[in-house]
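Participant: The structure that follows is given in the form of structure tokens.
Each value in this text was obtained by applying a stated rule to the coordinates, not by laboratory testing. None of these values were measured; they are calculated from a predicted model. Please note: Cβ atoms are built from the backbone with ideal geometry, for glycine as well, and neighbour counts cover all protein chains shown.
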Amino acid sequence: MGDATVRKLFKNDAVIGATQYYPSNEPLIGAAYPSSVYSRNATLPVLFQPLKIRSVEFKNRIWVSPMCQYSSDNGHATDWHLVHLGGFATRGAGAIIVEATGVVPEGRISPEDAGLWQDSQIAPLKRIVDFVHAQGGLIGVQLAHAGRKASTYAPWVQNRRNADKSVPRNDVAGVEENGWPDYVVGPSDIPFNDVYPKPKPLTKEGIENVVNAFAAATERCKKVGFDFIEVHGAHGYLISSFVSPLSNKRTDEYGGSLENRIRLAVEVAKRIRSVWGEEKPLFWRLSAVDWAEGPEKDEATDEWKQWGIEQSTVLAGELQKVGVDLIDVSSGGNWNAQKITIGPGYQVPFAEHIKQAIPSLLIGTVGLITDPQQAEGYLKDGKADTIILARELLRHVDWPLYAAQTLGVAVKPADQYERAWSRLLHD
Ligand SMILES: Cc1cc2nc3c(=O)[nH]c(=O)nc-3n(C[C@H](O)[C@H](O)[C@H](O)COP(=O)(O)O)c2cc1C
């Protein structure tokens with residue numbers, strides 16, 4: 001009677017500020033526990049060391065590469081994207097980069113690609129971003145213009161078409177297939193190959209419209225609540241086709257010299273930074289090389305023959321000057337006859353080259369990275385600052401937790417999944 005003992009309460013605490021009830025995870029899903037809780041975390045592998053860029057702290061260095069899903073509804077994200085991207089958040093990825101997202105409708109690669117060219121595309125993305133944030137994740141978007149590689153089929157549609165021997169090989173999605181073959185643009189009128197659309201060279205006004213479209217999409221990114229933006233400057237899409245002497249034959253100030261060929265890239269980066277503000281990170285994906293035959297430069301004439309690592313390093317430095325924080329180093333996609341030497345971490349040497357040339361610039365490395373020790377080795381050796389994974393994460397969505405287990409780090413699984421990962425937490 002009259003017992004004044006206060007009952008200690010144990011509640012399933014909610015994430016504060018989320019639109020629905022979600023249990024709150026402490027630490028965040030995919031973050032390492034402090035060594036005061038798990039002594040074996042006293043020395044963390046670099047993969048699980050946080051990385052702060054401007055005002056944003058990434059809880060680990062296992063990031064999801066942008067991956068087109070060919071599943072948007074007139075450029076609007078759907079519940080497919082919520083489940084697909086949400087799954088990476090619930091498994092502890094350090095950052096999620098949303099697929100190539102067109103800043104104009106004709107800048108999509110294929111008809112069902114994502115877009116941010118109109119305000120109605122904000123809400124479905126915001127729903128995904130809010131979910132990822134409620135799981136303690138960070139998410140950004142890859143803003144893109146497909147240039148001369150636009151209006152093509154989704155891969156599985158292309159495969160079906162290729163298998164049908166009653167039709168000639170063609171990669172152009174026609175108007176009846178929701179394509180826009182007459183509105184495909186590039187630096188020059190050179191198609192990617194003879195079954196791709198023939199691009200119309202962008203006029204100066206057209207170039208200005210593209211830069212404005214990146215700026216307008218950035219305004220929409222602010223409304224969506226993205227944590228960072230990545231620009232798609234790789235794989236032969238518009239910006240990549242401007243920087244390469246193989247695809248850019250212009251004679252105005254956007255073609256010819258290296259300075260001219262990278263002008264569009266630098267203008268886009270500069271405009272995005274001015275609209276985005278100073279608080280949040282800006283990343284840039286570039287193709288380090290065209291993988292065409294022969295040298296990057298003809299030493300006898302001093303002429304650049306194809307896009308390569310020397311020019312990429314110059315571009316990276318110029319982008320840093322206008323506010324790009326991290327270069328995501330990919331390669332290829334601009335030259336139809338490219339000959340790529342594929343193997344584990346095949347693009348790491350390009351990342352390392354830029355990192356060594358500009359140590360103050362953050363570098364992401366991508367391409368055939370599948371093994372936790374392999375990934376950790378690249379970071380430990382200073383070849384890159386973060387690891388970006390694509391296909392391995394499609395096969396193995398819980399790779400961050402698997403990597404923690406392999407490397408012997410105690411990392412937080414989602415509360416709901418903890419019983420599947422108890423070995424992670426045994427000291
Ligand atoms: C299904 C799929 C879609 C992709 N879409 C994009 C994209 O939207 N933007 C991009 O820059 N790269 C895209 N890529 C390339 C990947 O981001 C990544 O650079 C490439 O797959 C190499 O990494 P990986 O070996 O880890 O898969 C895509 C790759 C796949 C498998």
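Participant: Across segment 233-285, what is the number of residues that are out of contact with any Gly (no Cβ under 9 Å at 6 or more places or on another chain), closer than 13 Å to Gly332 by Cα and among the hydrophobic types (A, V, I, L, M, F, W, C)?
Facilitator: Adding up the residues that qualify gives 1.
Participant: Being within 16 Å of the ligand (Cβ to nearest atom), of a type outside the set (Val, Ile, Thr) and touching a Phe, Trp or Tyr at 6+ places or on another chain (Cβ under 7 Å): is that true of Phe214 here?
Facilitator: Answer is no for this residue.
Participant: Go over the candidates Lys52, Lys8 one by one and state the one that is away from the ligand (no atom under 16 Å from the Cβ) and either under 20 Å from the mean Cα position of the chain (by Cα) or in a helix (DSSP H, G or I) (or both).
Facilitator: Lys52
Participant: Being among the charged types (D, E, K, R), buried (at least 16 other Cβ atoms within 10 Å of the Cβ) and over 24 Å from Ser36 (Cβ atoms) is true for just one of Asp381, Asp398. Which residue is that?
Facilitator: Asp398
Participant: Next question. State all residues of segment 68-98 that are of a type in the set (D, E, K, R) and touching a helix residue (DSSP H, G or I) at 6+ places or on another chain (Cβ under 8 Å); if no residue qualifies, say none.
Facilitator: The one that is of a type in the set (D, E, K, R) and touching a helix residue (DSSP H, G or I) at 6+ places or on another chain (Cβ under 8 Å): Arg91.
Participant: Out of Gly115, Gly136, which single residue is buried (at least 20 other Cβ atoms within 10 Å of the Cβ) and within 16 Å of the ligand (Cβ to nearest atom)?
Facilitator: Gly115
Participant: Right, something else. Between a first residue in segment 163-190 that is aliphatic (A, V, I, L, M) and a second residue that is in a strand (DSSP E or B) and buried (at least 18 other Cβ atoms within 10 Å of the Cβ), which pairs have beta carbons less than 7 Å apart while being 6 or more apart in sequence or on different chains?
Facilitator: Correct list of pairs: Val172/Thr152; Ala173/Thr152.
Here's the yes/no breakdown for (1) in contact (Cβ under 8 Å) with a residue 60 or more places away in the chain; (2) within 28 Å of Ala403 (Cβ to Cβ):
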{"residue": "Trp80", "(1), (2)": "no, yes"}
{"residue": "Leu85", "(1), (2)": "no, yes"}
{"residue": "Gly94", "(1), (2)": "yes, yes"}
{"residue": "Ala100", "(1), (2)": "yes, yes"}
{"residue": "Val104", "(1), (2)": "yes, no"}
{"residue": "Ile109", "(1), (2)": "yes, no"}
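Participant: Separate question: Tell me whether segment 140-159 contains one or more residues that are farther than 28 Å from Asp328 by Cβ and touching a residue at least 12 places away in the same chain (Cβ under 8 Å).
Facilitator: No, segment 140-159 has no match at all.
Participant: I'm trying to understand the selection: among the residues of segment 55-79, which are among the charged types (D, E, K, R) and either in a loop (DSSP other than H, G, I, E, B) or within 19 Å of Asp328 (Cβ to Cβ) (or both)?
Facilitator: Glu57, Lys59, Arg61
Participant: Considering only segment 251-296, how many residues are touching a strand residue (DSSP E or B) at 6+ places or on another chain (Cβ under 7 Å) and assigned to a loop (DSSP other than H, G, I, E, B)?
Facilitator: 4
Participant: In addition: I need the full set of residues from segment 328-373 which are away from the ligand (no atom under 11 Å from the Cβ), out of contact with any Leu (no Cβ under 9 Å at 6 or more places or on another chain) and under 15 Å from Trp399 (Cβ atoms), in order please.
Facilitator: Asp371
Participant: Here is a list: Val167, Val157. Which entry is in a helix (DSSP H, G or I) and among the β-branched types (Val, Ile, Thr)?
Facilitator: Val157
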